[in-house]
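The values are calculated or read from the model by the stated rules, or taken from the named source; none is laboratory data. Given the structure is predicted, the values throughout are model-derived calculations rather than measurements. Here the Cβ positions follow ideal geometry from the backbone for every residue, glycine too, while neighbour counts run over all protein chains shown. Note: areas computed on protein heavy atoms with side chains; ligands, DNA, RNA excluded. Shrake-Rupley method; radii C 1.70, N 1.55, O 1.52, S 1.80 Å.
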Amino acid sequence: MSKSYFMPTRVIMGNNCVVENSKMFSTYGKNAMIVTGKSSAKINGAEADVVEVLKAVGINYLIYDQVMSNPTVSCVFEGADYGRDNAVDFIIAIGGGSPLDAAKAMALIIGSNLSEDNLFSGNYTEALPLIAIPTTAGTGSEVTQYSIITNDVLETKIGIKTHLIFPKVALLDAKYMMSLSVVNTVNTTIDALSHAVEGMISIKASGISDSLATRSIRMIMGCVPTMMEVLEEEDSTLFTLEMREKFLYASTLAGMVIAQTGTTAVHAMGYALTYNKQIDHGRANGLLIGEFLRFTEKGEPKLVARVLEAMDIRRVDVYIDMMRKLFGELEPISNEEIRTFSAKAILAGNISNCPVIPTVADLEAIFMASFGVK
Ligand code: NAP
Ligand code: FE
């Protein structure tokens, strides 16, 4: 199977990189739409930095700040209508994966003139240029061609995938993450870990993506003891700027990985938990990876051994214990829910990236073992 590596996003990182790169914004037009969530970008200073830059270089702007976590089809059409009515040339997305993904969908809806009926059709022609400023370190959306949108008709999350929505530029400044809560920090970091691990497991992995994934896994696993200490001591000051920078860097590397490899059954199963049981995306993945690795190990022991080596542990059990400690009490989940979620997850496209293709019964067994269901 031939492998390729394609990542067209320019990545700029470092303290104050938004303000220091003000001229770059003019490359993309005269009218911008800032897309963000309800409040965090106002609190962490990212929106103020962008507004300062746009004013300084004479770009008109409007703000769509109604993106909720796990953005819906109606949200992305509301934002796209607002942008189209005001003839915006480009979009600046600020926030976690939700505003970044929503902004990508809006850029595509406006650029390809999409309706709700053909949002997920794959027939896309253009997208507005997008600048991404992540304020969580988890999804890697700033360097991927994916936008994950909640589809209430199909009762799950669906990925839009097209090279048209790779952001043109990603601006990484960890100072915006200093206000991120402990729980959100842990959940999003473990989402990044799942991207790097699933990227190594995927049949689309290559030498290049494995190098990025290994580096990302090492950086995150090196921070797990501090995460546990923060949770035990309830002292978030242990998440220093230096550590936030590591999380952000590791998350962007993991995003570059899944841009090549896609995700696997873990994300397919995690979406069902997020949609139906409101279990946070990163938490859901973190709780499922261990048993997924144990399942894969039976058919591909050498591959899983390489992942464990990157994690600097010998056995899958050690990882599972770590996640149990990190995530605390597990959500109750019934046998009937497991059957429904597995039947839905098996239909997801990312199942085909697994080197050992699971059956519905395998998915049920992974859910049961992950949540201690008999
Ligand atoms: P999120 O849903 O974007 O944000 C979660 C919460 O964190 C929100 O309440 C948000 O507040 C807050 N927040 C964000 N940045 C903050 C900061 N710096 N300080 C304080 N609070 C902050 O969370 P996420 O985990 O980053 O994104 C999850 C979404 O990304 C899911 O929909 C998932 O499916 C998707 N995803 C996408 C990809 C991809 O490749 N595109 C990959 C994996 C996951 P506000 O609402 O006020 O901003
Ligand atoms: Fe994810």
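Only one of these conditions is not met by GLU364: (1) in contact with a Ser or Thr (Cβ under 6 Å, 6 or more places away or on another chain); (2) closer than 18 Å to THR263 by Cα. Which number is it?
Of the numbered conditions (1) in contact with a Ser or Thr (Cβ under 6 Å, 6 or more places away or on another chain); (2) closer than 18 Å to THR263 by Cα, the odd one out for GLU364 is (2).
Determine whether THR263 is within 16 Å of ligand 2 (Cβ to nearest atom), among the polar types (S, T, N, Q) and open to solvent by 10 Å² or more (accessible area, probe 1.4 Å).
yes
Which one of the conditions (1) open to solvent by less than 10 Å² (accessible area, probe 1.4 Å); (2) within 14 Å of ligand 1 (Cβ to nearest atom); (3) of a type in the set (A, V, I, L, M, F, W, C); (4) closer than 28 Å to THR264 by Cβ does LEU119 fail to meet, given that it meets all the rest?
(2)
For the stretch 170-179, what are the residues that are near ligand 1 (Cβ under 9 Å from one of its atoms), modelled with pLDDT of 95 or more and open to solvent by 10 Å² or more (accessible area, probe 1.4 Å)?
From the stretch 170-179, those near ligand 1 (Cβ under 9 Å from one of its atoms) are 176-179; that's our starting set.
From the residues that got through so far, the ones that are modelled with pLDDT of 95 or more too are 176-178.
MET178, the sole residue that qualifies.
Only one of VAL197, VAL266, VAL230, VAL224 is at negative phi and within 12 Å of ligand 1 (Cβ to nearest atom); which? Break it down into steps so the answer makes sense when it comes.
Details: VAL197 fails: within 12 Å of ligand 1 (Cβ to nearest atom); VAL230 fails: within 12 Å of ligand 1 (Cβ to nearest atom); VAL224 fails: within 12 Å of ligand 1 (Cβ to nearest atom).
Being at negative phi and within 12 Å of ligand 1 (Cβ to nearest atom) holds for just one of VAL197, VAL266, VAL230, VAL224, which is VAL266.
Scan the stretch 334-352 and report the pairs whose first residue is outside the structural domain of GLU155 (by TED's automatic domain parsing) and whose second residue is open to solvent by 70 Å² or more (accessible area, probe 1.4 Å), with Cβ atoms within less than 7 Å and a gap of 6+ or a chain change.
Matching pairs, first to second residue: ILE351/ILE357.
Within the stretch 326-337, does at least one residue satisfy the condition of being among the charged types (D, E, K, R), at pLDDT below 95, farther than 13 Å from LEU288 by Cα and surrounded by 14 or more Cβ atoms within 10 Å (Cβ to Cβ)?
No, every residue in the stretch 326-337 fails to be among the charged types (D, E, K, R), at pLDDT below 95, farther than 13 Å from LEU288 by Cα and surrounded by 14 or more Cβ atoms within 10 Å (Cβ to Cβ).
Filter the stretch 280-299 for residues that are within 16 Å of ligand 1 (Cβ to nearest atom) and small (Gly, Ala, Ser) and give the result.
GLY282, ALA284, GLY286
Among the numbered criteria (1) within 11 Å of ligand 2 (Cβ to nearest atom); (2) open to solvent by 10 Å² or more (accessible area, probe 1.4 Å), which single criterion is violated by LEU238?
Here LEU238 clears every test but (1).
Go through the residues of the stretch 272-280 one by one and say whether even a single one is open to solvent by 60 Å² or more (accessible area, probe 1.4 Å) and among the basic types (Lys, Arg).
No: the stretch 272-280 contains no residue that is open to solvent by 60 Å² or more (accessible area, probe 1.4 Å) and among the basic types (Lys, Arg).
Give the number of residues within the stretch 348-363 that are closer than 24 Å to LEU154 by Cα, modelled with pLDDT of 95 or more and surrounded by fewer than 21 Cβ atoms within 10 Å (Cβ to Cβ). Full working, then the answer.
The first filter runs over the stretch 348-363 and keeps only residues closer than 24 Å to LEU154 by Cα, leaving 348-354, 357-363.
Cutting the leftovers down to modelled with pLDDT of 95 or more gives us 351-354, 357-363.
If we keep only those that are surrounded by fewer than 21 Cβ atoms within 10 Å (Cβ to Cβ) too, we end up with 351-352, 357, 359-362.
Within the stretch 348-363, residues that are closer than 24 Å to LEU154 by Cα, modelled with pLDDT of 95 or more and surrounded by fewer than 21 Cβ atoms within 10 Å (Cβ to Cβ) number 7.
Look through MET256, MET311 and report the one residue that is within 16 Å of ligand 1 (Cβ to nearest atom), modelled with pLDDT of 95 or more and buried (at least 21 other Cβ atoms within 10 Å of the Cβ).
From the options MET256, MET311, the qualifying one is MET256.
Would you point out the residue of the stretch 110-162, among those that are of a type in the set (D, E, K, R) and within 14 Å of ligand 2 (Cβ to nearest atom), that is farthest from LYS30 (Cα to Cα)?
The first filter runs over the stretch 110-162 and keeps only residues of a type in the set (D, E, K, R), leaving 116-117, 126, 142, 152, 155, 157, 161.
Add one more test, that the residue is within 14 Å of ligand 2 (Cβ to nearest atom), and what stays is 142, 157, 161.
Working: GLU142: 22, LYS157: 34, LYS161: 28 Å.
Once the filter is applied, the top-ranked residue is LYS157.
Given (1) within 16 Å of ligand 2 (Cβ to nearest atom); (2) open to solvent by less than 50 Å² (accessible area, probe 1.4 Å), where does SER69 come up short, assuming only one miss?
Evaluating SER69 over (1) within 16 Å of ligand 2 (Cβ to nearest atom); (2) open to solvent by less than 50 Å² (accessible area, probe 1.4 Å) leaves (2) as the failure.
Open to solvent by 40 Å² or more (accessible area, probe 1.4 Å), closer than 26 Å to ASP191 by Cβ and not hydrophobic (A, V, I, L, M, F, W, C) - does that describe any residue in the stretch 28-39?
Scanning the stretch 28-39 turns up at least one residue that is open to solvent by 40 Å² or more (accessible area, probe 1.4 Å), closer than 26 Å to ASP191 by Cβ and not hydrophobic (A, V, I, L, M, F, W, C).
With respect to VAL304, determine if the residue is in contact with a helix residue (DSSP H, G or I) (Cβ under 9 Å, 6 or more places away or on another chain), in contact (Cβ under 8 Å) with a residue 12 or more places away in the chain and closer than 19 Å to ILE217 by Cα. Before the answer, list the steps.
Numbers: in contact with a helix residue (DSSP H, G or I) (Cβ under 9 Å, 6 or more places away or on another chain): yes; in contact (Cβ under 8 Å) with a residue 12 or more places away in the chain: yes; closer than 19 Å to ILE217 by Cα: yes.
Taking the combined requirement at face value, the residue satisfies it.
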